[in-house]
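The structure is given below, and queries will be raised subsequently.
The values are calculated or read from the model by the stated rules, or taken from the named source; none is laboratory data. A quick note: this is a predicted structure, and the numbers were derived from the prediction, not measured. With ideal geometry, Cβ positions are generated from the backbone for all residues, glycine too; neighbour counts draw on all protein chains shown.
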């Protein structure tokens, strides 16, 4: 062609680059490409093949094509079903696309041949470059065994450097973009650098791939060996009637899904492997099974989302409790500070007051207001320190302490934990219970609380502790110092009346299966129950008396078939009997009595 510019059909190739000397067949189905081939067959059977920059483009324009392509001759054309044409072409020479004409139905272009650039390479230099290429090809053949038998011998017999460079790009399974780079460089030096760099890169990739495959194979072989051994052990254990392996596998699955610190996971993994290798019927295996299950059930890093809305907390407290304004105010202040500081080391609340004044229910309301799990731990009569810290797992019947067991029941690591009747704890020869509670309630120490049974640090800093007590006189000084006291005073008679009317009546009616239309209490009847049937600081006995009335009314409904009953001041004695407290004996209820005495005065 020389430097002459001619117009010829153009076929855009997707993901394919044709080099001079390359013989290849491919399928085309785009109408313009088919038309271009048919037009070439009418003439001298020559056409210009050029690769697209982006193969996904269906209707390419000149900017979508590479500038350099190959003039090729069509050797064979076969029409296939579905308007598909299969062509066999041979690349002739490099050429440049000067202009693409949007002619219908075929693409036509002005093409100019690219003359080979003159290189200042003498014959010795070319021979040296040729030999280096052959050496690298032999190394490449040793790394990539797929090309050794078919391609490598044909390349090694080539004696021309120019032909060798093109044939390497043609014969080796390289990406079309690399072939395009070789095509665009007409000088020997530039093509040599491209081919040599690609060869070295491919060799390094295959070496890395081979090393990786060998490593994977070694790991697979080891895993296969372990799998076979485990299957053999499983069969043996099944023959012996043991099922420890399946349990151990189940524990391991739970451990993999467990969110916990590295120390906890390592300890659990070690214990699971010990359990796996123990006879299923042994006593030690049963002890270890209980221990592993306990550790897996603990909420190491599982937390519930707190509700820090103080308005919501105030609403809940007012819904659940009448009066106690000072107590509510102190609790809301405490919750506000806790929400702002975002720390679990705030002082521990201790609600102090007579029985029946609502200390326990206040704690339950705080849990509901904060959207926390509620756990109640009764400390009344606890003497053994192990009740708090747990027993060593080596003992028969060992179990975790009440604190850890409470965390396990809550299922989260930030519940509200009520320490009920903390003033009732005592000490004996088995240990000091109050000293164990010191570590639980001390914000500086409970970050890594150690239960004797668990033997791992447990974070209690996110737990909201609330304690209750009837008096502070029996609480040890160091323990009392760690708590913030909130006095829950006795209810006035007016407060008792509103509590009974707004809360206790409906509660007892529901408990005894009564509806609002079946029984009603007059205000006078409630006042009479308070005045003449109870004498207490709280409302516990008041609730019992209302419950007595509801039970008798329920029986009366079934026996007499009444539709409704009204409890009044006049008929109250029918349900509760004679008055228990009168103004005459009220002083005796209060412990005030009359004594006879003799007084004399000597002058």
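Can you tell me which condition residue 293 does not meet? The list is (1) within 22 Å of residue 453 (Cβ to Cβ); (2) outside any helix (DSSP H, G or I); (3) modelled with pLDDT of 85 or more, and all the others hold.
In the conditions (1) within 22 Å of residue 453 (Cβ to Cβ); (2) outside any helix (DSSP H, G or I); (3) modelled with pLDDT of 85 or more, residue 293 misses (2) alone.
While we're looking at this one, here's another question. Working only within the range 481-496, note down all residues that are outside any loop (DSSP other than H, G, I, E, B) and either farther than 25 Å from residue 325 by Cβ or touching a strand residue (DSSP E or B) at 6+ places or on another chain (Cβ under 7 Å) (or both).
Initially, the range 481-496 is screened for residues outside any loop (DSSP other than H, G, I, E, B), giving 481, 483-487, 493-496.
Residues satisfying the conditions are 481, 483, 484, 485, 486, 487.
Now a separate question. If you check residue 332 against the conditions, is it outside the structural domain of residue 260 (by the TED database), out of contact with any helix residue (DSSP H, G or I) (no Cβ under 9 Å at 6 or more places or on another chain), without any contact (Cβ under 8 Å) to a residue 24 or more places away in the chain and not in a loop (DSSP other than H, G, I, E, B)?
no
Does the range 354-364 include one or more residues that are under 17 Å from residue 462 (Cα atoms), buried (at least 22 other Cβ atoms within 10 Å of the Cβ) and in contact with a helix residue (DSSP H, G or I) (Cβ under 7 Å, 6 or more places away or on another chain)? Let's see the steps before the verdict.
The initial filter retains those residues of the range 354-364 that are under 17 Å from residue 462 (Cα atoms), namely 363.
Right, trim to buried (at least 22 other Cβ atoms within 10 Å of the Cβ) and you get 363.
Then keep just the ones that are in contact with a helix residue (DSSP H, G or I) (Cβ under 7 Å, 6 or more places away or on another chain); that gives none.
Among the residues of the range 354-364, not one is under 17 Å from residue 462 (Cα atoms), buried (at least 22 other Cβ atoms within 10 Å of the Cβ) and in contact with a helix residue (DSSP H, G or I) (Cβ under 7 Å, 6 or more places away or on another chain), which makes the answer no.
Among the strands (runs of 3 or more DSSP E) confined wholly to the range 339-436, which include 1 or more residues that are modelled with pLDDT under 85?
Working: elements: 348-352, 374-378, 416-420.
By residue number, 348-352.
Conditions tested, residue by residue: (1) under 49 Å from the mean Cα position of the chain (by Cα); (2) not assigned by the TED database to the domain that holds residue 371.
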{"residue": "454", "(1), (2)": "yes, no"}
{"residue": "481", "(1), (2)": "yes, no"}
{"residue": "498", "(1), (2)": "yes, yes"}
{"residue": "512", "(1), (2)": "yes, yes"}
{"residue": "525", "(1), (2)": "no, yes"}
{"residue": "528", "(1), (2)": "no, yes"}
{"residue": "537", "(1), (2)": "no, yes"}
{"residue": "551", "(1), (2)": "no, yes"}
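Please work out which one of (1) touching a strand residue (DSSP E or B) at 6+ places or on another chain (Cβ under 9 Å); (2) under 30 Å from residue 307 (Cα atoms) is the condition residue 412 fails and give its number.
Tallying (1) touching a strand residue (DSSP E or B) at 6+ places or on another chain (Cβ under 9 Å); (2) under 30 Å from residue 307 (Cα atoms), residue 412 fails exactly one: (1).
Of everything in the range 1-17, what is outside any strand (DSSP E or B) and either out of contact with any helix residue (DSSP H, G or I) (no Cβ under 8 Å at 6 or more places or on another chain) or farther than 26 Å from residue 178 by Cα (or both)? Give them in sequence order.
Passing the criteria: 1, 2, 3, 4, 14.
Determine, yes or no, whether residue 95 is touching a strand residue (DSSP E or B) at 6+ places or on another chain (Cβ under 6 Å), within 17 Å of residue 182 (Cα to Cα) and either part of a strand (DSSP E or B) or at pLDDT 90 or above (or both). Give the derivation first.
Details: touching a strand residue (DSSP E or B) at 6+ places or on another chain (Cβ under 6 Å): yes; within 17 Å of residue 182 (Cα to Cα): yes; either part of a strand (DSSP E or B) or at pLDDT 90 or above (or both): yes.
Against the criterion (touching a strand residue (DSSP E or B) at 6+ places or on another chain (Cβ under 6 Å), within 17 Å of residue 182 (Cα to Cα) and either part of a strand (DSSP E or B) or at pLDDT 90 or above (or both)), residue 95 qualifies.
Does any residue of the range 461-469 turn out to be surrounded by 21 or more Cβ atoms within 10 Å (Cβ to Cβ), over 30 Å from residue 262 (Cα atoms) and at pLDDT below 85?
Checking the range 461-469: not a single residue is surrounded by 21 or more Cβ atoms within 10 Å (Cβ to Cβ), over 30 Å from residue 262 (Cα atoms) and at pLDDT below 85.
A further question follows. Restricting the search to the range 439-458, which residues are in contact (Cβ under 8 Å) with a residue 60 or more places away in the chain and assigned to a loop (DSSP other than H, G, I, E, B)?
Across the range 439-458, the qualifying residues are 443, 444, 451, 452, 453, 454, 455, 456.
Also, quick follow-up: Which of (1) exposed (fewer than 12 other Cβ atoms within 10 Å of the Cβ); (2) touching a helix residue (DSSP H, G or I) at 6+ places or on another chain (Cβ under 8 Å); (3) free of Cβ contacts under 8 Å to residues at least 12 places away in the same chain does residue 204 not meet, given it meets every other one?
For residue 204, the failing item is (2).
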